[in-house]
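Okay, structure first, notes after.
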Amino acid sequence: QVQLVESGGGLVQAGGSLRLSCAASGRTFGTYTMGWFRQAPGKEREFVVAISWAGGNTYYADSVKGRFTISRDYAKSTVYLQMKSLKPEDAAVYYCAADPRGSYYRPDEWNYWGQGTQVTVSS
């Protein structure tokens, strides 16, 4: 069992940067693949990025490649999402997820979710 708490969302101008954090509880953080999803109003939740349990493999949605970077700090049991060159279309509620059963890209395959943090990008 793991609990996830996101933070770091806010309002930023287009072209700006934000760093989201996802703090995980539980001693098994190091064994979980972690990911970020986002959901804009009226849209389905979509995959953003995932990082393997060992941190050696990362998987990005094409829409964020080169602009977003995921990382994890095992000592702090925290996953970060560094977002740069933000665009208005990046605005959404961002959710942290853990422990996928199957495909990383499908939100229904992930076992644990945070409550989400709002990212607003002004043009």
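Tabulated results
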{"quantity": "Size of electric dipole in the chain: Cβ of Lys, Arg +1 and of Asp, Glu -1, about Cα centre, debye, nearest 20", "calculated": "240 debye"}
{"quantity": "Theoretical gain in end-to-end length, ARG67 to SER123 [0.36 nm per residue, Cα-Cα removed]", "calculated": "18.4 nm"}
{"quantity": "Largest-first principal axis extents, alpha carbons of the chain, Å", "calculated": "41, 28, 24"}
{"quantity": "Length-normalised contact order of the chain in % [C-alpha pairs under 8 Å, at least 6 apart]", "calculated": "35 percent"}
{"quantity": "Distant-in-sequence amide H partners of ALA91 (H built 1.01 Å from N, under 5 Å)", "calculated": "VAL121"}
{"quantity": "Debye intensity ratio I(q)/I(0), log10, segment 1-73, q values 0.18, 0.24 Å⁻¹ (C-alpha model)", "calculated": "-0.84, -1.34"}
{"quantity": "Heavy-atom accessible surface of segment 26-123: percent carbon and sulfur, 1.4 Å", "calculated": "47 percent"}
{"quantity": "Accessible solvent surface per residue of segment 46-98, calculated while the other protein chains remain in place, 1.4 angstrom probe, Å²", "calculated": "44 Å²"}
{"quantity": "Whole-Hz couplings from phi, Karplus 6.51/-1.76/1.60, listed for segment 22-35; x for Gly and Pro", "calculated": "9, 8, 10, 9, x, 7, 9, 3, x, 9, 9, 5, 10, x"}
{"quantity": "Fully extended contour minus Cα-Cα distance, from LYS76 to THR28, at 0.36 nm per residue", "calculated": "16.1 nm"}
{"quantity": "DSSP beta bridge pairing in the chain, given as percent antiparallel to the nearest 5", "calculated": "90 percent"}
{"quantity": "Nonlocal amide H pairs with TYR112, under 5 Å, H built at 1.01 Å", "calculated": "ALA98"}
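The values are calculated or read from the model by the stated rules, or taken from the named source; none is laboratory data. Bear in mind that the values here come from a model prediction, so they are computed numbers and not experimental data. Cβ atoms come from the backbone with ideal geometry, glycine included; neighbour counts cover every protein chain shown. Ligands, DNA and RNA are excluded from the accessible area calculation, which covers all protein heavy atoms including side chains. Shrake-Rupley method; radii C 1.70, N 1.55, O 1.52, S 1.80 Å.
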